[in-house]
Every structure is written in C-alpha cells, then in structure tokens.
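Here is the structure we will look at, set down as structure tokens.
Nothing in this text is a laboratory measurement; each read-out follows from the coordinates by a stated rule. The shown structure was predicted, so the numbers you read here are calculated from the model rather than taken from an experiment. Cβ atoms come from the backbone with ideal geometry, glycine included; neighbour counts cover every protein chain shown.
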Amino acid sequence: AVAGAQQWSLDSSTTATFVTSVSAASESFAVTVGGQNGGGSILETYDGSSWSKNKVPTLMALATATTPSGNIVVTSINSVLNSNDGVNFSPANAAGTSQSANVYGDNKEKFALVGYWRLESDGTSLPTYVYGVASSDDGKSFAVSSNIEDGYSRYGAFPSDNTWYVSNGMWGADPTPSK
C-alpha cells in the first residue's frame with residue numbers, strides 16, 4: 001500500500017504471493033522482495049507507475065535496500081546479493097543471514113545489514129560467527145562489526161555514519177530484558 005495525504009490506498013499491481021521487505025529511494029523508485037508461489041524468490045521494482053518482477057537467484061529472499069543511484073542489495077539465508085538493475089545479481093562477499101537491510105549516510109548510498117555473520121578463518125581454524133552489522137559503501141564488499149553482546153541482532157536504524165541503533169535479544173524465561 002502507498003501512503004499519501006494521510007490516506008492509504010491498496011496497490012494491487014504487485015503480484016507477489018508475499019513480501020518480506022520494502023525499500024524506497026524516492027517516491028518514484030522502490031523495491032520489494034518476497035516470493036511467488038511456484039516461482040521462488042522475486043524482486044519487484046517500482047518506477048513511479050507500475051511494478052516489474054524478476055527472479056532472485058536464492059532460495060528465500062529476506063530483506064532488500066536500494067540507494068538513490070539504483071544499487072540494490074538482497075539478503076537471504078547465508079548470502080547477500082547485489083544488483084544495479086534489478087535483473088542481474090552477483091554475490092557480495094558477506095556470508096550470513098539478515099532480516100534488516102538499510103541504506104545510510106549523507107547521500108543514502110551506503111548499506112547496513114543486521115544479522116548473523118560468518119567470518120572466514122585464515123585456514124588454520126574454523127570460521128567465527130558473530131551477531132552484528134555488515135556495512136558496505138558499494139553493496140558488494142562488506143565489513144562486519146564486532147560481535148554485539150547477547151546476540152540475536154535482527155533489526156537496525158542508521159541515521160548517520162556514526163550513530164547506529166540495533167535491536168537484539170531473544171524471548172526467554174528471564175523477565176529481565178536483553179540489552
């Protein structure tokens with residue numbers, strides 16, 4: 001649905017069976033990811049008047065973010081994909097699972113993904129896994145933050161290069177909320 005003048009209207013031109021994420025770079029450019037029954041994961045792009053649909057080469061698309069220049073990131077279970085046209089995708093260097101894809105920075109051209117990340121080892125030990133933020137200036141090469149205590153990092157908001165908000169924790173028997 002598109003919000004305008006404090007009134008919602010249903011946009012039925014999208015044909016996804018379900019949508020897991022939406023990102024808008026402007027009023028006339030937006031993307032969604034989700035699934036289509038029998039078609040797998042899809043990315044839909046909005047050009048200001050209609051939605052177009054393209055298959056995403058992953059089993060389960062979880063989140064997406066787009067920059068004003070049209071750079072798109074799609075997350076899934078254990079991988080991150082990048083596209084500059086919404087049609088062709090290439091793998092980014094991030095290995096992990098993120099349900100929160102965001103753009104940030106003064107020009108909204110940087111990406112921040114919140115989740116569970118696999119850090120490759122030097123070949124002499126097993127990989128390390130951390131909960132945190134994978135950030136990128138180009139959507140292809142990501143650096144992972146240090147581990148966020150208490151784990152289960154899932155969602156974030158990134159109002160500037162220097163201020164990031166990340167939610168984490170998990171429901172449990174302990175009535176004391178997680179940090």
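Structural remarks
- Between the range 9-47 and the range 144-164, the Cα center-to-center distance that results, in Å: 26 Å
- Correct choice for Cα extents along the principal axes in Å that was computed from the model, options (1) 58, 38, 29; (2) 50, 39, 37; (3) 60, 29, 25: (2)
- Spin-label zone in the range 88-103 - amide nitrogen under 17 Å from a point set 7 Å from the Cα of I77 along the C-beta vector: 95-100
- Unsatisfied cross-links (Cα-Cα over 22 Å) in the set K53/K108; K53/K110; K110/K140: K53/K108; K53/K110
- Placed amide H near A63: partners under 5 Å, 5+ positions off or other chain: T75
- Cα centre as origin, Lys/Arg/Asp/Glu Cβ charges: the chain dipole, Debye: 340 debye
- The alpha-carbon atoms of the range 6-73, seen along their principal axes, cover 34, 26, 17 angstrom, with the largest extent given first.
- From phi via Karplus (6.51, -1.76, 1.60), per-residue ³J(HN,Hα) for the range 16-28 in Hz, x at Gly/Pro: 5, 6, 8, 10, 9, 7, 9, 9, 10, 8, 6, 5, 10
- F142 long-range amide H proximity, modeled H, under 5 Å: N93, A94
- Considering only W117, W164, W51, the mean-square fluctuation computed in a Gaussian network model of the chain, springs between alpha carbons under 10 angstrom, is largest for W164.
- The chain, relative contact order [Cα under 8 Å, separation at least 6], %: 12 percent
- Derived scalar couplings between HN and Hα for the range 52-61 equal 10, 10, 9, 5, 10, x, 8, 6, 8, 6 Hz in order, rounded to whole Hz, by the Karplus curve 6.51 cos²θ - 1.76 cosθ + 1.60 (θ = phi - 60°), x for Gly and Pro.
- A simple spin-label model places the labels of M170 and E149 1.9 nm from each other, with each point 7 Å out along Cα-to-Cβ.
- A straight chain from N54 to L126 at 0.36 nm per residue would run longer than the Cα-Cα distance by 22.3 nm.
- Note on the chain: GNM, Cα springs under 10 Å; of T97, T32, T128, the largest mean-square fluctuation is that of T128.
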